1. Can you flag which of LYS471/LYS497; LYS471/LYS502; LYS250/LYS344; LYS48/LYS392 are past 31 Å Cα-Cα?
2. So how far, in whole Å, is the C-alpha centre of the stretch 437-458 from the one of the stretch 377-427?
3. Send over the per residue convex hull volume for the stretch 291-442, Cα only, as a whole number of Å³.
4. Would you mind pulling out the separation of the Cα centroids of the stretch 75-143 and the stretch 264-327, in Å?
5. Compute the distribution of all C-alpha to C-alpha distances in the stretch 455-546, in bins of 10 Å from 0, and list the percent of pairs in each, rounded to whole numbers.
6. If you take the square roots of the eigenvalues of the alpha-carbon gyration tensor of the stretch 392-530 and sort them as a ≥ b ≥ c, do you get rounded (a/c under 1.5), prolate (a/b over b/c) or oblate?
7. Take the Cα of ALA286, step 7 Å along the line toward its Cβ, and report every residue of the stretch 406-435 whose backbone nitrogen sits under 12 Å from that point.
8. Kindly identify the stretch 114-205 as rounded, prolate or oblate by the Cα gyration tensor criterion: order the square roots of the eigenvalues as a ≥ b ≥ c, call it rounded if a/c is under 1.5, otherwise compare a/b with b/c, prolate if a/b is larger, else oblate.
Amino acid sequence: MTRELSALQKARLSYQPKLPKVLKNGIRGLSVEFGGPTESVADADDIKEIFPNSYGKPIATFKTGSTDISNEPVNVGVILSGGQAPGGHNVIAGIFDSLKNANQNNRLYGFLGGPSGIINGKYQEITADFLAEYRNTGGFDIIGSGRTKLETEDQFKDTWNNCQNLNISAIVVIGGDDSNTNAAMLAEYFLSKNTGIKVIGVPKTIDGDLKNEQIEISFGFDTATKTYSELIGNIERDANSAKKYWHFIKLMGRSASHVTIECALQTHPNITLISEEVAINKTSLAEVVNYMTDIIVKRSHEGKNFGVAVIPEGLIEFIPEMKSMISNLNDTLALIEDDADYVKLCNQEDKFKYIESKLEKQNAEIFASLPKSIQAQLLADRDPHGNVQVSKIETEKLLIEMIQAKLVEMKAAGEYKGKFAAQPHFFGYEGRCAAPSNFDADYCYSLGYNAFALAHFGLSGYISSVRNLTKPADEWIAGGVPLTMMMNMEKRHGALKPVIQKALVELDGPVFEYLKKNREKWALEDHYIFTGPIQYYGPPEIADVTTKTIQLERT
């Protein structure tokens, strides 16, 4: 069934994404250059033991040239894994165009519903006609996504069988850090069995925490932060018009505050909380509340009973006493999930008391001190890694409640005479499936085109890397990075597991330094910036430019 398209969608379908110059001549116009052996970012001995066949591979960089590679037709499989991010469809378009450039008889199969599709053998052949209406569009609806982990021997065997049934010689896994860890595990298995099947990852996450020197930005981050910044700017304009509300805006980013800091640079809110700063300073929850309350009171003295605060989704987990409590809670929930005494409890209050009895004394006191609504959110269904779903904790409402109580005390003491009315917001899903910006449309297409090139050159256990991204697309550098180079060991479900290391906001880096230099001014003065919607048309310096984060990092 053909979907009804808006005028904008029709216009975007005709957009032709740009490629790095080195990829423009197609697969047969490439040669590959290798660096020296690589090491994992941490825990090298453990990672090497787990990945004996794929550890230590060199970084690969494509150059213009000519290489004698097979002209035999190949079949490739692609998986969308994890949460959606703008540009996924263009990654698939890049893979498709790249493999058809190499040989028109090459075929692309999309596995349905994420990794479970390749395990269960559910797929859709991606043809030119099928792909046509998905180019330059947001979402993952072309084949769907999922969060099934690829980690067991049986899953690997099923995947191998399904690849053999379709005569697949390469798999591209499009996903974040955990999905690319899956890709590394699958690549290692295939190498250990001499299957000849290559596995290539593609860096996706709107959270922006999958990056390093070779992966300058994960796809979707640019579009998502521009989408959120438009919404924040709209709220800032509303706050400055009505002049009677404080808006508390929670933004995506459990493990890192990249989304929050980028949106702050784009919009200049009055308060910006950064989880990593809270952690390094060992800031308590009470100190966070006092910091925010101080700005609210100072603005009220100037007759400004309004403002905007942006808060990272994972903030609560970075506050030392809360982090300790949540870690203890994660371990406790893992131990009691099959505990008959706990399972038979029906009353929520009884569950709270039972868990308190199992927590360490200090953590139990913190848990007990929280509002019942927050306690309930902490005990909500856990994520696929067995951890508390921090995104379900309404941090923005917790802070509003605590600040409200603090202001009541200050008013009674004659220290505050203003008015405080707050509106909570959480911007998450609004940005995950937005139509990709020009930058993400180009970047994703290049990542996909490059991913097939890596597989066609016989590489496996690599992630597609396109860098030099502050320059025009013509000057982008294409290649691949060994997935094991990005790994360390972390505790998951109570056991140490190999995972791709998350990149946190660097507090000594240029991005945070810029925020730190300006936020006192932004706190009291109204330097709001209204970015408007994503620019798809216009001068390249407006329409094609990427995030302020990467501009600051790469200059």
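Each value in this text was obtained by applying a stated rule to the coordinates, not by laboratory testing. Because the structure is a prediction, the values reported are computed rather than measured. Here Cβ is always computed from backbone atoms with ideal geometry, including for glycine, and neighbour counts include all displayed protein chains.
1. Values: LYS471/LYS497 37 Å; LYS471/LYS502 25 Å; LYS250/LYS344 35 Å; LYS48/LYS392 36 Å.
Long pairs (Cα-Cα over 31 Å): LYS471/LYS497; LYS250/LYS344; LYS48/LYS392.
2. 42 Å
3. On the way: hull volume 25.6 nm³, N = 152.
Enclosed volume per residue, from the Cα hull, is 169 Å³.
4. Cα centroid of the stretch 75-143 versus Cα centroid of the stretch 264-327: 41 Å apart.
5. Calculated over all Cα pairs of the stretch 455-546, the distribution is 11, 21, 32, 24, 11, 1 percent.
6. Details: a/c = 2.73, a/b = 1.96, b/c = 1.39.
It is prolate, given that a/c is not under 1.5 and a/b is the larger ratio.
7. Counting backbone N atoms under 12 Å from the label point, the list is empty.
8. Working: a/c = 1.92, a/b = 1.44, b/c = 1.33.
In terms of gyration-tensor shape, prolate.
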